[in-house]
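For reference, the structure discussed in these notes is given below.
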Amino acid sequence: MNNRRLETLRAMGVDVWVRRQGQTPVSCPDTESADVESELLIETSAEVTPDPGIEVKKQPAADVSDYDWQQLESCVANCTACELHAGRTRTVFGTGNKQASWLLVGEAPGADEDQQGEPFVGRAGQLLNAMLEAIGLQREAVYIANIVKCRPPGNRNPHREEATACHAYLERQIALIQPDLILALGKVAASNLLHCDDTVGKMRGQQHRYGEAQIPLVVTYHPAYLL
Ligand code: URA
Ligand code: SF4
């Protein structure tokens, strides 16, 4: 691990483990391995059987393509377009600077976000704030949103149809913000935005473009993956 990387990780508050003299590492964080990544996906995607007692009524999402921020936010708050609405405490719309140059897109709210109604406020959020700070950015300077606005049960990954049902909201957020850069945090964000099933390791470090406006899109690891 070179010095710059060590310093960056320390600045972000990530514990840096250094190999003891003379020991061979079992695995090296430098070798971005598909195994570790798929393990993480398996761990986070444990299926939860829906409670048969909960009746799930779905309403298709409205056409939000000309909504302003207020209309969009209240539409999301009342949305029942996919199964995820049944298990949420609160919708998690997004937060930050509506004129931001950078839009950060995560995956889905977790337990803390579901309680507070704001994205990235738990442990992953603290690391995200530290990562932003390490590159001289305040959390308030960027806009932060997720692929889906309601918490999936048991923190599983959102299903494709849930991401699809929720997509119009993110699409409208992007159109309203007109960011110079979209930063996709982790596999779920990247694969849904790019319709590409490559590993994060492969998508990272490449130039991507998003949508008609061809907004530059960069893929990086999800802070929870780093944790
Ligand atoms: N992980 C995410 O992807 N989004 C959040 O809002 C919180 C954790
Ligand atoms: Fe609606 Fe999105 Fe929530 Fe599904 S996840 S109910 S589409 S706001």
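Here are a few things to note about the model shown:
- Hits in segment 57-85 - residues which are outside any loop (DSSP other than H, G, I, E, B) and out of contact with any Asp or Glu (no Cβ under 8 Å at 6 or more places or on another chain): Trp69, Gln70, Gln71, Leu72, Glu73, Ser74, Cys75, Val76, Ala77, His85
- Subset of segment 148-165 (residues that are closer than 15 Å to Gly87 by Cβ and of a type in the set (Asp, Glu)): Glu162
- Every residue from segment 167-184 that is farther than 26 Å from Ser74 by Cβ and aliphatic (A, V, I, L, M): Leu181, Leu183, Ala184
- Tabulated pairs, segment 166-178, first in contact (Cβ under 8 Å) with a residue 24 or more places away in the chain and closer than 14 Å to Leu84 by Cβ, second within 16 Å of ligand 1 (Cβ to nearest atom) and part of a helix (DSSP H, G or I), C-beta under 6 angstrom, 6+ apart or interchain: Tyr169/Val76
- Leading residue by the ranking (surrounded by the most Cβ atoms within 10 Å (Cβ to Cβ)) among those in segment 90-147 that are polar (S, T, N, Q) and touching a strand residue (DSSP E or B) at 6+ places or on another chain (Cβ under 9 Å): Asn146
- Residues of segment 169-192 that are away from ligand 1 (no atom under 14 Å from the Cβ), surrounded by fewer than 21 Cβ atoms within 10 Å (Cβ to Cβ) and at negative phi: Glu171, Ile174, Ala175, Leu176, Asp180, Leu181.
- Residue-level check: of (1) under 20 Å from Asp114 (Cβ atoms); (2) outside any helix (DSSP H, G or I); (3) not small (Gly, Ala, Ser), Gln173 misses just (2).
- For segment 117-165, the candidate set comprises residues that are without any contact (Cβ under 8 Å) to a residue 40 or more places away in the chain and charged (D, E, K, R); within that set, the residue that is nearest to ligand 2 (Cβ to nearest atom) is Arg160.
Read-outs: derived from the displayed coordinates by stated rules, not from any lab. Only a predicted model underlies this, so the values are computations on that prediction, with no experimental measurement involved. Glycine also receives a Cβ, built like all others from the backbone with ideal geometry; neighbour counts cover every protein chain displayed.
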